[in-house]
Amino acid sequence: MISVMTELQPAPESFFTIRSFDAARSAGAIAVEHNIDVIAGLDEFLKAEGERGLPAPIEEVDFVHFWTGGHSPASWDTHYDKADMHTLYLPGTELAQPTHGADGTTKADIVRRGTQIVEVQTNDYTQPLAGALARALIVPKPEDAAINAGPKAWGSQTKRALSWRGILDAFTPGFSNSGNPKLEAEAQARFADAIVLRKR
C-alpha cells in the first residue's frame, strides 16, 4: 500500500478519466466552471429532501468525471475508488489544449491534494451535469450506505426499485436503481449551472 502525504489545495477542481476527457472534448467542451454558490444550493436542496449531500464543504471537494457511454460497463474506465495510485487523470484545465499526452495527473497527485472526491458519472456531456452530480451525492457508497442514507432516501429507493420501471431498469447494463430520478431531474432543472462545461 502506498502512503501519500496530503496537503490541502484550492478546490474544487475537475479531473477526467481518459474516456471522459475525450467524450467531453468531442461534445465541444473547452473548460470546466464550478459555480460554488449553485453547488452549495444543490447540496442544501438534497439534504433538505432527506438525501445525502456533499461529503465535505465545497472548498474541500474535487470532482472526478467518469463516462458511461460505452456499450457495456466492461468498456468503462476503472472507478476512482478502485483505481491504483498510478491511474492517469486529465485536469479539466487541459480541455482547451489541442492534444493530451501521458503527462496528466495520477490518482496519487489527486490524493495529495487532501480533498474529498465526488465521482460524477454521465454518458452525455452535451447536457448540464447537475442531475449527474445530484445522483453522485444521493447514491451511498456501499461501505457507508447504512449510515449516511436517511429513512426517506431508502424509502424512495425501495419504492423505485419495486416499480415496473425500476425492475426493467435493473436489467439495463450500467443502470443503478438506487438513485432518485425525480429528485435528479429537479436538480437538473434548478441547478443547471452547478458544473458547467464551456463549449467552443
(request) Please list, in chain and number order, the residues 5+ apart from residue 31 or on another chain whose amide H is under 5 Å from its amide H, with Hs placed from the backbone. (result) 198
(message) For a quick check of your reading of the filter: which GluC sites (Glu not before Pro) in region 1-95 sit in a DSSP loop and have no more than 13 other Cβ atoms within 10 Å?
(response) 7
(request) Give a residue-ordered list of calculated ³J(HN,Hα) values for region 37-47 (Karplus: 6.51 cos²θ - 1.76 cosθ + 1.60, θ = phi - 60°; whole Hz; x for Gly, Pro). (result) 5, 6, 4, 4, x, 4, 4, 4, 4, 5, 5
(request) Extending each Cα 7 Å along its Cβ direction at residue 74 and residue 106, get the distance between those two points in nm, one decimal. (result) 3.0 nm
(message) Testing the spin-label approximation: label points 7 Å from Cα along Cα→Cβ at residue 26 and residue 126. State their distance in nm.
(response) 1.2 nm
(request) Report, by chain and number, residues whose modeled amide H sits under 5 Å from the one on residue 126, excluding near sequence neighbours (fewer than 5 apart, same chain). (result) none
(message) Output wanted: per-residue J couplings in Hz (rounded whole) for region 116-128, from phi through Karplus 6.51 cos²θ - 1.76 cosθ + 1.60, θ = phi - 60°, x for Gly and Pro.
(response) 7, 9, 10, 8, 9, 9, 7, 10, 8, 8, 8, 9, x
(request) Please give the FRET efficiency for residue 186 paired with residue 56, using the beta carbon to beta carbon distance and R0 = 30 Å, rounded to the nearest 0.05. (result) 0.80
(request) Output the Cα-based Rg and Dmax of region 30-129 in Å, rounding Rg to one decimal and Dmax to a whole number. (result) 14.8, 43
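Quick note: the coordinates plus some simple rules give every number you see, no bench work behind them. The model shown is predicted, which means the values in this text are computed figures rather than measured ones. Here Cβ is always computed from backbone atoms with ideal geometry, including for glycine, and neighbour counts include all displayed protein chains.
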